[in-house]
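Only one structure is covered here, and it is reproduced in the block below.
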């Protein structure tokens, strides 16, 4: 146990993000590396958090009338090539199956980088009339994208888990209405459940999803000031409908192409959440997604053991209806070691109870995010816990928002952008021309992360001086 004590804590500090973050993920048993580069083993503790994400998002999608389905992992090359812009966008990332045993396949099969091209031949068969619309399906699956640089657990890898929404409508208006609804749903989830401040915006054409008319997304900031794309919702227009011949007879008797959307949230969001909230002691997990929300640690000597454990079990039973509880009554670890372990695990609240607490009819409640401790009367515990859970989530969000706001700069010229781009996102006026966007990327390494919906554009482009069409965030990205 002594050796374990020495190795349990984090060696690196959060200000050394490149080393701290992978160590955090490994030592807290969220995930582990696999034998395949870029492919992650998600351990039970990490997967329990993903299950909570899936549960909430799945419920929200079903409220929108979206049903779950499954489509094959393997996609014929001829299918993948049907939408030119789409295949061009994904071709460097596709892994191919070319043979089975000793037999060469007649046609290469792509390992799913995304599922449009395996789903839409079915849509073409199923949709014949306006009465078949809308069709709104969702997949929970894994995808494989082979090309990447600088892998980081959850944040960037070859294989990840996500949802894939694929919907088709009779009208453009219906489809675009859904894009907004889905993006708002993702944005609210990221704020409410993950306690993360974020940027809701529309991508520039150079950064949109391959095959989409336009892409909207939720963008989050990492502790090093870089931005990362989170959940997104794409309006695909009729691009895939034309490529896969998805047509229907409308009410007026005319043959028309459907209007389509795609949308997703992935396990990348777990990495963003861990990275932003956690600290030098280990994980900090927002209460709504924590596998264990409250841990109870009894403190006793052999003489007091029976009495303290009985009271701890009583408290656990009384609050377990509303929270996920862990009663840590392991005998081969000291209370101090348990405190340290549960801090590493990021459990939001810890309840400590010993003989003196029982005598005073109280317990000690410790907050994971601030480390503060408060004495609470047992009869008031349920009410106080509800308040503490709410306030902890609120503090995490406010801390995230303050960080995002502090690292947001406004630039009126290219020189000003270059001075501020390291460690920040920078808001500039942009003329809309790809040349100016490319110039920023080539000279600073920063990319456009989105055109915010709530910022009015006035003035001239910060790069070329021409009249601005948009106001855009630029940042370095993972």
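Taking a ≥ b ≥ c as the square roots of the eigenvalues of the Cα gyration tensor of segment 209-335, is the shape rounded (a/c under 1.5), prolate (a/b larger than b/c) or oblate? Cα axes put segment 209-335 in the prolate bin. Dimensions of segment 28-97 along the principal axes, based on C-alpha atoms and rounded to the nearest Å, stand at 41, 40, 19, largest first. Each label was represented as a point 7 Å from its Cα along the Cα-to-Cβ direction; for residue 184 and residue 380 these points are 4.0 nm apart. Beta bridges from DSSP with both residues in segment 270-427: antiparallel share about 50 percent, rounded to the nearest 5. Computed on the chain, with alpha-carbon pairs under 8 angstrom and 6+ residues apart, the relative contact order is 13 percent.
Helical runs assigned H by DSSP (4 residues or longer) give the chain a calculated mean residue ellipticity at 222 nm of -11000 deg cm²/dmol, each run adding -39500 (n - 2.57) before division by the residue total. Once Rg and the Kirkwood radius are both taken over the C-alpha atoms of segment 287-395, their ratio Rg/Rh works out to 0.93. When peptides 59-70, 341-352 are ranked by their average number of other Cβ atoms within 10 Å per residue, the highest-first order is 341-352, 59-70. In segment 408-475, Rg over Rh equals 0.91, where Rg is the alpha-carbon radius of gyration and Rh the Kirkwood radius from pairwise Cα distances. Most simply put, the chain has about 80% antiparallel DSSP beta bridges, counting only bridges with both residues inside it. Highest-first packing order for the peptide set 144-152, 45-53, 222-230 is 222-230, 45-53, 144-152, based on the mean count of other beta carbon atoms within 10 Å.
Taking the longest Cα principal axis of the chain as reference, the axis of helix 17-27 is set at about 60 degrees. Considering only alpha-carbon pairs that sit under 8 angstrom and 6 or more positions apart, the relative contact order computed for segment 287-395 is 29 percent. Taking the inverse of the average 1/r across all pairs of different Cα atoms in the chain, what Kirkwood radius in Å do you get? For the chain, the Kirkwood estimate is 24.8 Å. Pairwise inverse Cα distances across segment 9-277, averaged and inverted, put the Kirkwood hydrodynamic radius at 19.7 Å.
Taking the DSSP beta bridges with both ends in segment 408-475, the antiparallel portion is around 75 percent.
Here, each number is a calculation from the coordinates, and none is a lab measurement. The shown structure was predicted, so the numbers you read here are calculated from the model rather than taken from an experiment. Quick reminder, even Gly has a Cβ in these numbers, built from the backbone with ideal geometry, and neighbours come from all protein chains shown.
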